[in-house]
There are 2 protein chains.
Amino acid sequence: MIKIEIATALMQTLPVSKATALQVVDLLTDRMKKALLDGERIEIRGFGVFEPRPRKRGLGRNIKTGQSVEIPKGKSIRFKAGKDLRDIEVK
Amino acid sequence: MIKIEIATALMQTLPVSKATALQVVDLLTDRMKKALLDGERIEIRGFGVFEPRPRKRGLGRNIKTGQSVEIPKGKSIRFKAGKDLRDIEVK
DNA sequence: GCTTCCATGATCAAAATCGAAATCGCCACT
DNA sequence: AGTGGCGATTTCGATTTTGATCATGGAAGC
């Protein structure tokens, strides 16, 4: 599923143009992205939780030379699936 | 950031009522949830990728008794942040 | 439809996380 | 205001994540 498909699903349910639907998707992802970049946690009950967390490990590997490479400081975004998504049946 | 805040951000940008904005958020999360439950991967360039993956670890622990417990079959949802979210500066 | 730029895969090794369960507090959502 | 999802807690070890780099498939912009 890609952005266009999500927008399509949206316009199939609500009376909006595909262009508007795409704007909506972009807007929401953008807002969420900003919030996460701002260190804010996003919680959507029934869906999941996005949480920015500090990256602790500082060691990587250069595949070309095979030698260890220091990984600079940073954060990572963790997504924790909500109840509905955790109760997945193996089909 | 919670659902209402996302909806508010939406209605501040597009001419929609808060009720409609909430419907949009619910619709999108619902659609994405269904796609993930269906084993489909969701990729939004610039934001991130949701990917259902089989859970391989099959050993847990009962904190009450302290004994090992078999972890039943299942999947887990992994979210991989896109480029914009990976390049986070530690503030 | 074409172009552009992003995401994936592969590699390696170490450190960190996940997973189960039960219970309580808190807060998102109705 | 009421409900129930979610975090936190503990335990322990196997799975996984994490980065660099380069090539390729593909999402998204035009």
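List of remarks:
- Number of the exception - B:K3 against (1) closer than 22 Å to A:T13 by Cα; (2) more than 7 Å from chain A (Cβ to nearest Cβ); (3) surrounded by 13 or more Cβ atoms within 10 Å (Cβ to Cβ): (2)
- Test: residue in segment B:66-76 that is within 9 Å of chain A (Cβ to nearest Cβ) and of a type in the set (D, E, K, R): yes
- Filter pass, A:P54 being modelled with pLDDT under 90, more than 8 Å from DNA strand D (Cβ to nearest atom) and assigned by TED's automatic domain parsing to the domain that holds A:K83: yes
- Test: residue in segment A:71-91 that is modelled with pLDDT under 85, farther than 27 Å from B:K3 by Cα, assigned to a strand (DSSP E or B) and within 11 Å of DNA strand C (Cβ to nearest atom): no
- The residues of segment B:77-91 that are facing chain A (nearest Cβ under 7 Å) and surrounded by 11 or more Cβ atoms within 10 Å (Cβ to Cβ), listed by number, are B:I77, B:F79, B:A81, B:D84, B:L85, B:I88.
- Exactly one residue out of B:V16, B:V24 is surrounded by 15 or more Cβ atoms within 10 Å (Cβ to Cβ), free of Cβ contacts under 8 Å to residues at least 60 places away in the same chain, within 19 Å of the chain's Cα centre (by Cα) and closer than 20 Å to A:L22 by Cβ, and it is B:V24.
- Checking each residue in segment B:43-67 for being open to solvent by less than 80 Å² (accessible area, probe 1.4 Å) and under 18 Å from A:L85 (Cβ atoms) picks out B:E43, B:I44, B:F47, B:G48, B:V49, B:F50, B:E51, B:P52.
- Annotation: A:G39 fulfils all but one of (1) under 18 Å from the mean Cα position of the chain (by Cα); (2) surrounded by 15 or more Cβ atoms within 10 Å (Cβ to Cβ); the unmet one is (2).
The values are calculated or read from the model by the stated rules, or taken from the named source; none is laboratory data. Everything quoted here is computed from the prediction, not taken from an experiment. Neighbour counts run over all protein chains shown; Cβ positions are idealised from the backbone, glycine included. Accessible surface is based on the protein model in full, side chains and every heavy atom, while ligands, DNA and RNA are left aside. Shrake-Rupley method; radii C 1.70, N 1.55, O 1.52, S 1.80 Å.
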